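Chemist: There's a structure below that I have some questions on.
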Amino acid sequence: MADEQMAEAAADGPDAPLAVPGPAAPAAAAPPRPLDAIDRAILQILKTDGRASIRSVAERVHVSRANAYARINRLIDDGVIRGFSARINHERAGHGASAYITLRIVQNSWRTVREQLEALPGAAHIALVSGDFDVLLLVHTPDNRTLRELVLTRLQAIPEVLSTRTLLVFEETDLDASTEAP
């Protein structure tokens with residue numbers, strides 16, 4: 001955070017939630033700095049509660065607020081922290097159908113396919129993987145009819161997609177959500 005942003009955050013009070021700009025691009029040539037126990041503790045706190053105040057973070061890891069600010073800024077600048085987000089209960093948010101979809105794609109078409117997958121409604125996670133298939137896609141849709149339409153119409157219309165396999169999600173557990181109610 002720039003000095004003026006830190007001053008603004010301090011003006012909001014020590015209990016104000018951490019306000020951080022979007023993720024900064026890490027330096028391309030700089031190797032990652034090693035994380036110490038305090039850095040890892042800060043990451044765990046922010047992973048569990050991205051809205052934790054600087055005062056709260058500092059108290060829980062037993063450092064000064066200035067030290068906590070500096071460490072969080074370094075983690076952001078180094079690209080370790082890529083951003084902050086809310087954990088969503090997809091069913092309560094109107095997306096009652098979730099599925100992992102495996103795709104086999106034309107060799108060397110990953111970038112083209114990824115761009116098209118990113119544009120799909122409900123796409124939550126995309127990974128290029130090794131094994132019997134090439135891509136793993138997680139989607140959340142309002143219902144099975146919408147999911148079917150997404151697979152049969154949208155995915156299979158992508159010329160570089162050779163085949164798909166859909167794995168319905170019956171129940172999920174968010175392992176990062178130690179404070180989330182069941």
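The values are calculated or read from the model by the stated rules, or taken from the named source; none is laboratory data. If you're wondering where the values come from, they're calculated on a predicted model, not measured in any experiment. Here Cβ is always computed from backbone atoms with ideal geometry, including for glycine, and neighbour counts include all displayed protein chains. SASA here: full protein model, heavy atoms, side chains in, ligands and nucleic acids out. Shrake-Rupley method; radii C 1.70, N 1.55, O 1.52, S 1.80 Å.
Chemist: Residues of the range 77-89 being without any contact (Cβ under 8 Å) to a residue 60 or more places away in the chain, open to solvent by 50 Å² or more (accessible area, probe 1.4 Å) and of a type outside the set (V, I, T), which ones? Don't jump to the end; show me each part of the working.
Modeler: The initial filter retains those residues of the range 77-89 that are without any contact (Cβ under 8 Å) to a residue 60 or more places away in the chain, namely 77-80, 82, 85-86, 88-89.
After this cut, where a residue has to be open to solvent by 50 Å² or more (accessible area, probe 1.4 Å) as well, the list is 77, 80, 82, 85-86, 88-89.
Residues satisfying the conditions are D77, R82, S85, A86, N89.
Chemist: Scan the range 133-160 for residues that are open to solvent by 20 Å² or more (accessible area, probe 1.4 Å) and in contact with a helix residue (DSSP H, G or I) (Cβ under 7 Å, 6 or more places away or on another chain) and jot them down.
Modeler: Correct list: E160 only.
Chemist: Let me ask something additional. Considering only residues that are at pLDDT below 90 and either over 30 Å from T166 (Cβ atoms) or part of a helix (DSSP H, G or I) (or both), which ones fall in the range 60-90?
Modeler: Correct list: F84 only.
Chemist: Next question, about the same structure. In the set V57, V106, which member is in contact with a strand residue (DSSP E or B) (Cβ under 8 Å, 6 or more places away or on another chain), at pLDDT 95 or above and farther than 28 Å from E171 by Cα?
Modeler: Details: V57 fails: in contact with a strand residue (DSSP E or B) (Cβ under 8 Å, 6 or more places away or on another chain).
Checking each option against the conditions leaves just V106.
Chemist: What about A93, is it open to solvent by 20 Å² or more (accessible area, probe 1.4 Å) and assigned to a loop (DSSP other than H, G, I, E, B)?
Modeler: Values: open to solvent by 20 Å² or more (accessible area, probe 1.4 Å): yes; assigned to a loop (DSSP other than H, G, I, E, B): yes.
Answer is yes for this residue.
Chemist: Of all the residues that make up the range 122-153, how many are among the aliphatic types (A, V, I, L, M) and without any contact (Cβ under 8 Å) to a residue 12 or more places away in the chain?
Modeler: Initial filter on the range 122-153 (among the aliphatic types (A, V, I, L, M)): 123-124, 126-129, 135-139, 147, 150-152.
Subset that is without any contact (Cβ under 8 Å) to a residue 12 or more places away in the chain: 127, 129, 152.
Adding up the residues that qualify gives 3.
Chemist: Looking at the range 108-121, can you tell me whether even one residue there is assigned to a strand (DSSP E or B), open to solvent by 20 Å² or more (accessible area, probe 1.4 Å), in contact (Cβ under 8 Å) with a residue 24 or more places away in the chain and out of contact with any helix residue (DSSP H, G or I) (no Cβ under 6 Å at 6 or more places or on another chain)?
Modeler: Residues of the range 108-121 assigned to a strand (DSSP E or B): none.
No, the conditions are met nowhere in the range 108-121.
Chemist: I need every pair where a residue in the range 46-70 that is under 21 Å from G83 (Cβ atoms) and open to solvent by 80 Å² or more (accessible area, probe 1.4 Å) has its Cβ under 8 Å from the Cβ of a residue that is modelled with pLDDT of 95 or more and not aliphatic (A, V, I, L, M), sequence separation at least 6 or different chains.
Modeler: Pairs found: none.
Chemist: Can you go through S130, S163 and tell me which one is open to solvent by 40 Å² or more (accessible area, probe 1.4 Å), farther than 29 Å from T48 by Cα, part of a strand (DSSP E or B) and out of contact with any helix residue (DSSP H, G or I) (no Cβ under 6 Å at 6 or more places or on another chain)? Give the steps one after another, and end with the answer.
Modeler: Working: S130 fails: part of a strand (DSSP E or B).
One residue alone meets the criteria, S163.
Chemist: Do we have any residue at all in the range 124-132 that's under 13 Å from A99 (Cβ atoms) and within 21 Å of the chain's Cα centre (by Cα)?
Modeler: As a first pass, look at the range 124-132 and keep what is under 13 Å from A99 (Cβ atoms): 124-125.
Pick out the ones that are also within 21 Å of the chain's Cα centre (by Cα) and you get 124-125.
Yes: the range 124-132 contains one or more residues that are under 13 Å from A99 (Cβ atoms) and within 21 Å of the chain's Cα centre (by Cα).
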